[in-house]
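Here the structure comes first, spelled out in C-alpha cells, and everything after it is commentary.
The values are calculated or read from the model by the stated rules, or taken from the named source; none is laboratory data. On a predicted model such as this, the values are computed, not experimentally measured, just so you know. Glycine also receives a Cβ, built like all others from the backbone with ideal geometry; neighbour counts cover every protein chain displayed.
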Amino acid sequence: MSVDILHVVGARPNFMKAAPVIRVLADTGFRQNLVHTGQHYDSRMSDIFFRELEIPEPDVNLGVGSGSHAQQTAQMMAGFEPVVLERDPGLVMVYGDVNSTVAAALVCAKLRVQVAHVEAGLRSRDRSMPEEINRLVTDQLSDLLFTPSQDANENLQREGANAAQIHLVGNVMIDTLVRLLPRALENKKTGFPERYALVTLHRPANVDDPEVLRGIMNSMHEVAKDLPVIFPIHPRTRLRIEEFAIATQGIQLCEPLSYLEFLALEAHATVVLTDSGGIQEETTFLGVRCLTLRENTERPVTVEVGTNILVGSSMERLREELANIVSGRPKKGSIPVLWDGCASQRIAEVLLRSLPIASIPAAAVVSG
Ligand code: UD1
C-alpha cells in the first residue's frame, strides 16, 4: 500500500523548512498533502512566503490564529485530529519547534500515526523558552528524527532515542537559502545604506517585559550611533513597543519583510542583531557576523563553527563585539558539515528506503 505524506506548517520559520522537502518529494511516488494551522495568518507573515518559496496551496487551513499557548495548541489539536482521521496519512512531517509542530505530533501520537520531525534534537536547555518544551515533546513523540548537526544526534541519544530513528541529514533551511540566494540578490531593493546593522526581535523573554524591551531598544539606539539600524518588526514586537510607549526614532523600522527581501538585506549586513534561531543559522552560512541577544542557543554549532556570538542581555558585551566588527576585527566562521543545500534530498532517500510507495517514476531516483 502506498504511503501518503502529510506536512504540517503554521508559523513563518516552518515555511522555509518545509518548502525544500515538499519540492524534493514531489519527484517521488509519495502523494503529499499540506496542512496550514493558521498560527501565522498575516499576509506578510505567511502568504508571501508561500508565493516566494513556491509552496503549493495548503489542502487544509485550520485557521487557528493567535491565543495563549494552551488555547492555540488545543485549537490546533482539535482542528487537526479530524483531518488525520479523514485523510489517514502514512506519515506526518512536522518542522522546527513552534506550537503547530508539537500540536500535530501530539495528535498523531495518540492516533498511532507515524511522525517525522525535521530539525530534531536541538536543545537550548532553557525550559523557560516555549520552543524548548515543543522540541522536547515533539522529539519524544516522533518516529523519525531528522537532525541538522551532530550535537542534535548526541542530545537525542542522551534522551534515549533509538539510533535507528535518528538521521543526520543537515539543515533544510540552508537548502532554501542556497536555492533562492541568487534570486534574492538579483531583486535586492535599492535605497539601503552601504553599511548597516539588521535587527530582528520577537522572543517573549525579550519583548514581553517592558524593562527588558526598553533596555534592548536603548542598546539599539547606542548601535545607531555607529551604524544605521534597520529593524523589520515582528507584529508581536510592534504591539509591545506601542503598548510600552518605547522611543524608536533613529531606528529604521519597517514591516516584516518577505523571504527574498530579508535574505538580500541579511547577506549584505555589516552585522545582524537577533534573537531568532533560524537567523543564527543563515548568518553562519552567509559568513555574516551575528550577535545573538540571548543567554543560550539551541544551535551551538553556529557559535562553535559559525559567525554567531551570544551577547545575552549584556550591553557591555554587545558594545565590545560591535566595536570588533565595526573596526574590522570580527570573528571568522565556517560552514557546518552537511549545510550544503542537499538536506531535503537526504530526507527523501531515508523515506524512500523506509516507506512503501505506490510507484517510483524513473526520474524520481534521488541522488545525494
Ligand atoms: C512563533 C514561534 C516562534 C517563532 C516565531 C516566528 C511558538 C511558540 N513560537 O512565535 O518559535 O520563532 O513564531 O515568527 O510557536 N501575530 C500577528 N500576525 C501573525 C502572527 C502573529 O499579528 O500572522 C502576532 C499576534 O499578536 C500574536 C503574536 O504575534 O499574538 C505572537 O504570535 P505567535 O504565533 O503566538 O508567536 P510568535 O511570537 O510569532
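Exactly one residue among GLU261, GLU304, GLU266, GLU281 is under 16 Å from ILE325 (Cα atoms), in contact with a helix residue (DSSP H, G or I) (Cβ under 9 Å, 6 or more places away or on another chain) and more than 12 Å from the ligand (Cβ to nearest atom), and that residue is GLU266.
Selection over region 125-140 of residues that are without any contact (Cβ under 8 Å) to a residue 24 or more places away in the chain and either among the charged types (D, E, K, R) or touching a helix residue (DSSP H, G or I) at 6+ places or on another chain (Cβ under 8 Å) (or both) gives a count of 2. Considering region 90-124, the residues that are in contact (Cβ under 8 Å) with a residue 60 or more places away in the chain and assigned to a helix (DSSP H, G or I) include one that is nearest to the ligand (Cβ to nearest atom), namely ASN99. Comparison of GLY160, GLY215 shows that the only residue that is without any contact (Cβ under 8 Å) to a residue 60 or more places away in the chain and farther than 17 Å from ARG299 by Cα is GLY160.
Taking LEU53 as the residue in question, decide whether it is away from the ligand (no atom under 16 Å from the Cβ) and of a type in the set (A, V, I, L, M). It is false that LEU53 is away from the ligand (no atom under 16 Å from the Cβ) and of a type in the set (A, V, I, L, M). A search for C-beta distances below 8 Å between a residue of region 30-57 that is assigned to a loop (DSSP other than H, G, I, E, B) and at pLDDT 95 or above and any residue that is away from the ligand (no atom under 15 Å from the Cβ) and among the hydroxyl-bearing types (Ser, Thr, Tyr), counting only pairs 6+ apart in sequence or on different chains, returns LEU53/THR176. Out of curiosity, is ARG23 touching a residue at least 60 places away in the same chain (Cβ under 8 Å), of a type in the set (D, E, K, R) and either within 12 Å of the ligand (Cβ to nearest atom) or crowded, with 22+ Cβ neighbours inside 10 Å (or both)? Spelling it out, it is not the case that ARG23 is touching a residue at least 60 places away in the same chain (Cβ under 8 Å), of a type in the set (D, E, K, R) and either within 12 Å of the ligand (Cβ to nearest atom) or crowded, with 22+ Cβ neighbours inside 10 Å (or both). Residue-level check: of (1) within 16 Å of the ligand (Cβ to nearest atom); (2) in a loop (DSSP other than H, G, I, E, B); (3) within 18 Å of the chain's Cα centre (by Cα), ARG135 misses just (2). State yes or no: is GLY328 small (Gly, Ala, Ser), modelled with pLDDT under 95 and at positive phi? Spelling it out, GLY328 is indeed small (Gly, Ala, Ser), modelled with pLDDT under 95 and at positive phi. Of the residues PHE244, PHE262, PHE231, PHE285, which single one is in contact (Cβ under 8 Å) with a residue 12 or more places away in the chain, among the aromatic types (Phe, Trp, Tyr) and touching a Ser or Thr at 6+ places or on another chain (Cβ under 8 Å)? PHE231 is the lone residue from the list that is in contact (Cβ under 8 Å) with a residue 12 or more places away in the chain, among the aromatic types (Phe, Trp, Tyr) and touching a Ser or Thr at 6+ places or on another chain (Cβ under 8 Å).
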